[in-house]
Every structure is written in C-alpha cells, then in structure tokens.
1. Within the bounds of the stretch 24-36, is there any residue that is outside any helix (DSSP H, G or I), touching a helix residue (DSSP H, G or I) at 6+ places or on another chain (Cβ under 7 Å) and surrounded by 11 or more Cβ atoms within 10 Å (Cβ to Cβ)?
2. In this structure, does residue 56 turn out to be part of a helix (DSSP H, G or I) and either farther than 24 Å from residue 22 by Cα or in contact with a helix residue (DSSP H, G or I) (Cβ under 7 Å, 6 or more places away or on another chain) (or both)?
3. Against the definition (more than 26 Å from the chain's Cα centre (by Cα) and either in contact (Cβ under 8 Å) with a residue 60 or more places away in the chain or surrounded by 10 or more Cβ atoms within 10 Å (Cβ to Cβ) (or both)), how does residue 10 come out, yes or no?
4. Quick one: which of 21, 11, 73, 77 is in a helix (DSSP H, G or I), at pLDDT 90 or above and in contact with a helix residue (DSSP H, G or I) (Cβ under 6 Å, 6 or more places away or on another chain)?
5. Please state which one of 43, 68 is free of Cβ contacts under 8 Å to residues at least 60 places away in the same chain, at negative phi, exposed (fewer than 11 other Cβ atoms within 10 Å of the Cβ) and in a helix (DSSP H, G or I).
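The values are calculated or read from the model by the stated rules, or taken from the named source; none is laboratory data. Model, not experiment: these values are computed from the prediction. Positions of Cβ are backbone-derived with ideal geometry, glycine not excepted, and every protein chain shown enters the neighbour counts.
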C-alpha cells in the first residue's frame, strides 16, 4: 500500500516549520533585544528555537503521560465497579 505522502515530505515540512520559527525569533531579537549587534541574533535564535522544540516535545509527552494516568485510573475504577456489580448481583439473587 503506497502512502500519498512519503517520509521525506514530512521531514521537509517539519524542517520548514523549524526554519520559519527560527527566522521569526531571529527577527524579533534583531528588532528588540540585540539591536546593537544583530549578529548575535542568529546565535540566540538557534538556541531559543532548539529549546522551544525540546520544550514542545516535553509538553506533548507530559500531556500523553497525564492522559495515560487518567486512563489507568478510569480502567481500574471500571474493573472495580464491574467486579462489585457482579458480586452484588450474584449475592442478591
């Protein structure tokens, strides 16, 4: 089965997105913080973009981790309620 989108397209998309964020951050640095020395903006933009990327990955993992914890709790509650209802149902009849 052929996928309409290959892995290279996905990688290129993320790379272009990463570069666009980096350029935006560099522009913001050049326009505000490092107005006196715009060459520093590229260095700070690289570091900031890497940290933003790592932070975004961490947030996604934390969200899924929290969702997994909630699902575990719901599954345990569900099994406990099912077992209790079976026990109560058999004891009453």
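1. yes
2. no
3. Judged against the criteria, residue 10 is not a match.
4. Exactly one of 21, 11, 73, 77 is in a helix (DSSP H, G or I), at pLDDT 90 or above and in contact with a helix residue (DSSP H, G or I) (Cβ under 6 Å, 6 or more places away or on another chain), namely 21.
5. 68
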